[in-house]
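Data first, discussion second: the structure below is written as structure tokens.
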Amino acid sequence: MPATECLNPSRPPNQQPRRNARHTLQGSGLAQLTLVEHALCPLDDRLSLRDRLVFETGYFRTDRNGHAKFTKVTVTALSGLSANDEFFLWGLLALVFAQRNSTIEFWATPHWCLKQLGCLTTDSKGGANYAQFRAVIKRLANVVYKCDQFYDPIRGECRDRGFGFLSYDLPIDPDSSRAWRIVWNPLFFEYCKAVAGKLTFDLPTYRGLDCASRRLFLLLSKMFYRLDRSPRFDVWHLAVHVLGFSPTVKMNDLKIKLVRCIDRLLAIGVIKLPPTISSPKELFEKKGTGSYSVRFYRGKYFDKGPEPVSPAYVPNLTDSPLYDPLKSIGFSDGGIRTILRKYKPSHVQIWSDVTLAKIEHEGRGSFTNCPEAFFMDNIKEADAGRRTPPDWWRELQKKEERRRWDEDRRRAEAAFDHSEFEATWKKARSEAFQKYVHAEVGKDLYDRTISMLVPAFQARMGHRQALDAAIAETERHFKAGFSFPDLETWAFEHRLTKDQQPQG
């Protein structure tokens with residue numbers, strides 16, 4: 001997804017706001033501690049923004065005996081995933097937990113979210129920004145995360161876990177002023193809420209980095225919380241599994257890419273060079289042929305503690321995600337402040353949405369008095385336990401849900417119609433991969449990799465099975481840099497070409 005200037009949450013390092021800005025929601029991000037140990041998708045959007053993306057990665061953890069063991073992670077994204085989406089995932093989590101009595105349901109307008117995350121330079125609305133933000137939410141909603149040794153911060157033990165991130169309920173009309181409803185996965189929400197499961201970090205600093213440097217920044221922020229220097233990382237593991245570079249990139253090129261990240265973190269003081277080292281390149285230690293390790297040292301960035309919050313500080317009214325819906329109804333700032341102080345957020349969320357839905361579908365002239373009076377009458381009765389949302393509003397929600405379900409069904413049916421092309425597509429993909437191996441990877445490197453893997457598999461199976469397993473594993477690694485249209489895209493183009501041929 002090409003990011004526009006407003007939606008792309010990056011800014012040059014020399015324009016960084018001061019860190020530890022505790023008085024604004026834009027000052028903090030919140031990440032889940034285990035998820036910062038590895039990449040959620042490849043860095044290259046050409047590889048990650050694909051339907052039915054399956055990204056296999058992992059991280060090392062220490063067992064009870066002090067031995068490092070590799071933990072496998074599989075991230076499945078039906079709509080693909082971008083490394084830039086992580087900014088919005090961690091930013092939205094911070095906005096949720098900044099609210100009083102936060103729950104798995106979060107209601108807010110896209111304008112409020114993007115403004116709080118620093119992605120809007122003005123108060124003007126931008127349809128393109130909202131459309132791209134909607135696409136980010138949809139991609140995050142289609143992610144399934146699986147880990148066979150996930151650390152449960154509540155129970156203090158590793159467990160076999162699988163969960164999603166969130167679900168969504170959005171108005172279909174892109175110009176709607178109604179709030180977006182995001183419902184977090186209960187397990188994921190629980191892990192992020194636990195003190196031992198979350199990492200609070202400086203969002204402006206994070207926003208100013210490129211995606212690879214962001215991932216390294218979060219990992220080091222987790223470690224430098226209690227350590228002056230990091231453990232030794234295997235460079236290939238760090239670059240591929242943690243930062244998300246392609247496993248087909250040569251070691252020398254991986255080191256160059258990693259040095260760029262190091263330079264960016266050195267510039268803002270996240271890491272420092274020890275007295276005996278004058279260049280980031282000297283941080284690499286050779287372990288063997290084509291194998292290196294690297295260690296990082298805690299910089300002055302972490303020396304300064306958080307700024308104390310003044311007892312007299314009063315949060316800005318616009319910091320509430322309920323501000324925009326109430327303002328759209330017609331309330332003044334004074335009225336909004338009274339409503340937020342007097343009524344439950346859940347009641348304000350529902351009845352502001354009911355009021356705005358009535359305005360959008362029937363007009364302001366449909367009210368007996370005015371939208372503000374309609375809202376106040378209903379929320380007073382709801383607060384007293386004498387009123388529930390009207391049936392027409394629930395029917396509207398069902399209608400919108402049916403429309404979304406119909407769109408998903410049509411998409412699934414279109415994919416099913418392409419099944420007649422599956423065998424031809426597999427053959428074309430196999431032939432294209434062989435050309436890719438000969439032209440780019442190199443047939444010699446491909447064959448050597450298979451030869452190296454055969455003995456490892458042969459210890460557990462026969463030669464024929466070991467050879468097949470070695471070929472499958474080699475292709476799995478080399479296919480990370482191989483680009484070929486998915487079945488739906490290929491079938492559509494193939495069918496279009498066939499239909500456009502002149503009939504005899």
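Only residues that are without any contact (Cβ under 8 Å) to a residue 60 or more places away in the chain and surrounded by fewer than 20 Cβ atoms within 10 Å (Cβ to Cβ) were counted across segment 340-349, and they come to 6.
In this structure, is LEU49 at pLDDT 85 or above, out of contact with any Phe, Trp or Tyr (no Cβ under 7 Å at 6 or more places or on another chain) and either closer than 20 Å to VAL73 by Cβ or among the aromatic types (Phe, Trp, Tyr) (or both)? The answer is yes for LEU49. Taken as a whole, the structure places ASP51 among residues that are of a type in the set (Asp, Glu), over 15 Å from the mean Cα position of the chain (by Cα) and assigned by TED's automatic domain parsing to the domain that holds GLU190.
Residues that are of a type in the set (D, E, K, R) number at least 2 in the following strands (runs of 3 or more DSSP E) confined to segment 130-234: 143-152, 157-164, 198-202. Residues that are surrounded by fewer than 17 Cβ atoms within 10 Å (Cβ to Cβ) and touching a residue at least 40 places away in the same chain (Cβ under 8 Å) within segment 438-470 comprise just one, GLU440.
For ILE277, the test of being free of Cβ contacts under 8 Å to residues at least 60 places away in the same chain, farther than 26 Å from ALA68 by Cα and assigned to a loop (DSSP other than H, G, I, E, B) is passed. Residues in segment 454-478 that are more than 16 Å from GLU56 (Cβ to Cβ) and under 38 Å from the mean Cα position of the chain (by Cα): VAL454, ALA456, PHE457, ALA466, LEU467, ASP468, ALA470, ILE471. Within segment 190-203, the set of residues being surrounded by fewer than 22 Cβ atoms within 10 Å (Cβ to Cβ) and either charged (D, E, K, R) or out of contact with any strand residue (DSSP E or B) (no Cβ under 7 Å at 6 or more places or on another chain) (or both) comprises GLU190, LYS193, ALA194, VAL195, ALA196, LYS198.
Checking THR276, THR355, THR318, THR289 one by one, the residue that is polar (S, T, N, Q) and crowded, with 19+ Cβ neighbours inside 10 Å is THR355 and no other.
The values are calculated or read from the model by the stated rules, or taken from the named source; none is laboratory data. Please read all numbers here as calculations on a predicted model, not as lab measurements. Ideal geometry is used to build each Cβ from the backbone, glycine not excepted, and the neighbour counts take in all protein chains shown.
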